[in-house]
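The values are calculated or read from the model by the stated rules, or taken from the named source; none is laboratory data. Being a predicted model, the structure only gives us computed values, none of them experimental. Heads up, the Cβs are rebuilt from the backbone with ideal geometry, glycines too, and the neighbour counts pull from every protein chain shown.
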Amino acid sequence: MMNTKNTLAILESAGNGELAIQQRLDQNPAAVYLAGLTFRARRVQRNALNRIAGILTNGALNDCLATPWAKVEYQHAQAIRSVLIEHYKAASTNRMLSALREVLRHTWLLGQIPAEQYLRVAQVKNAGGETIPAGRELTTGEIAALMAGCEKDLGNAGVRDAAIIALGAVVGLRRDEMVNIDLADYDQHTDLLKVLGKGNKERTTYLTNGARMAMRDWLAIRGSEPGPLFMPISYGNDKVLNRRMTNQAVYNLLQKRAKLAGVKAFSPHDLRRTFISNLLAAGADIATVSKMAGHSNVNTTARYDRRPEESKRKAAELLFIPYTPRTG
């Protein structure tokens, strides 16, 4: 539990059981806000709101669904911001502040606070600073090793996993997008892939060269039945199971392929990072890359641009320090 002694509790009665409130879920601003999010975002933002609830109540309450959000005023939001900045990076702080603003907006929309109260809280500024995105990029050699490992796997999983890795590195799909794509979203004649991304925003992209070939090999195994594009495969008889894969299954198969190929462990988002970075490094227009990645703001795409780091490295190499190593 973070130290919140210097923050403002929303009630003086913290700790005596008077903080918790009972509301129907359809009248609970936190519940209404969370209901409009995807499953993964709902889990992340609920954890964030639970942390904020703890800050608001000096640790007496850590449940956003039992928090009296209607009592939150501008000064409380400012205190929350101060605590978050002290304990979290700017990106995490701003994400949690966004959740707070959204809950207060829903509190207003539900008629539980006046507009002036919400507007005052909405004036609380984000934290300054810039965070380098977590994760890493895969090298061309690592991608080649992963694909070679899939090709050596003579089972159906090898073909499927090659197609998944290709879509991650060449199309930049998010894990949620990967498992939610249906066969109907892929036009085998034009190689156009329709993707439903965050906020139910659709975008289109195209499969080319190795990604196209990997996909065609997988479809020859998968068959033409309607349903998910990627499906689980039975380890017992190598049979394709007609159901949707889970996010965890995609993560697990990438960990398995990395280990078999002798590649340092990576996440599904690292494939996406590789896709964006490689396009920008190749000179693709950032606005086009942003659309291909499904970003709503080009500033998000710019955070994956490794060209400024390359310039820094080259600049650093201009400096010389004379030193003779003790060992050759």
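What the table below lists for this structure:
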| item | result |
| --- | --- |
| Boolean, His106 is under 24 Å from the mean Cα position of the chain (by Cα) and more than 19 Å from Leu37 (Cα to Cα) | no |
| Selected residue (criterion: modelled with the lowest pLDDT) from residues of the stretch 114-138 that are out of contact with any Ser or Thr (no Cβ under 8 Å at 6 or more places or on another chain) and of a type in the set (A, V, I, L, M) | Ile132 |
| The stretch 102-116 residues that are over 18 Å from Cys64 (Cα atoms), paired with ones that are surrounded by 19 or more Cβ atoms within 10 Å (Cβ to Cβ) (beta carbon under 7 Å, 6 or more apart) | Ala115/Trp108 |
| Residue tally, condition touching a Leu at 6+ places or on another chain (Cβ under 6 Å) and modelled with pLDDT under 90, over the stretch 208-241 | 0 |
| Hits in the stretch 255-279 (condition: in contact with a helix residue (DSSP H, G or I) (Cβ under 6 Å, 6 or more places away or on another chain), assigned to a helix (DSSP H, G or I) and not β-branched (Val, Ile, Thr)) | Arg257, Leu260, Ala261, Pro268, Leu271, Phe275, Leu279 |
| Subset tally (residues that are in a helix (DSSP H, G or I), in contact (Cβ under 8 Å) with a residue 24 or more places away in the chain and surrounded by fewer than 24 Cβ atoms within 10 Å (Cβ to Cβ)) for the stretch 50-79 | 12 |
| Hits in the stretch 299-328 - residues which are under 19 Å from the mean Cα position of the chain (by Cα) and over 19 Å from Val170 (Cα atoms) | Asn299 |
| Given (1) under 17 Å from Ala293 (Cα atoms); (2) touching a residue at least 40 places away in the same chain (Cβ under 8 Å); (3) buried (at least 20 other Cβ atoms within 10 Å of the Cβ); (4) in contact with a strand residue (DSSP E or B) (Cβ under 6 Å, 6 or more places away or on another chain), index of the condition Ala157 fails | (1) |
| Yes/no for Lys291 being at pLDDT below 75 and either under 25 Å from the mean Cα position of the chain (by Cα) or not in a loop (DSSP other than H, G, I, E, B) (or both) | no |
| Residue that is farther than 30 Å from Gly262 by Cα and not polar (S, T, N, Q), where the choices are Glu177, Glu142, Glu225, Glu151 | Glu225 |
| Among (1) in contact (Cβ under 8 Å) with a residue 12 or more places away in the chain; (2) under 16 Å from the mean Cα position of the chain (by Cα); (3) assigned by TED's automatic domain parsing to the domain that holds Leu260 - the single one Met147 does not satisfy | (2) |
| Close pairs (9 angstrom Cβ cut-off, 6 or more residues apart or separate chains): free of Cβ contacts under 8 Å to residues at least 12 places away in the same chain and at positive phi in the stretch 186-199, in a strand (DSSP E or B) and not polar (S, T, N, Q) anywhere | none |
| Some residue of the stretch 311-323 being part of a helix (DSSP H, G or I) and surrounded by 12 or more Cβ atoms within 10 Å (Cβ to Cβ) | no |
| Residue list for the stretch 187-207, restricted to those being of a type in the set (Ser, Thr, Tyr) and surrounded by 12 or more Cβ atoms within 10 Å (Cβ to Cβ) | Thr204, Thr205, Tyr206 |
| Matching residues, the stretch 294-328, being modelled with pLDDT of 80 or more and outside the structural domain of Leu196 (by TED's automatic domain parsing) | Ile321, Pro322, Tyr323, Thr324, Pro325, Arg326 |
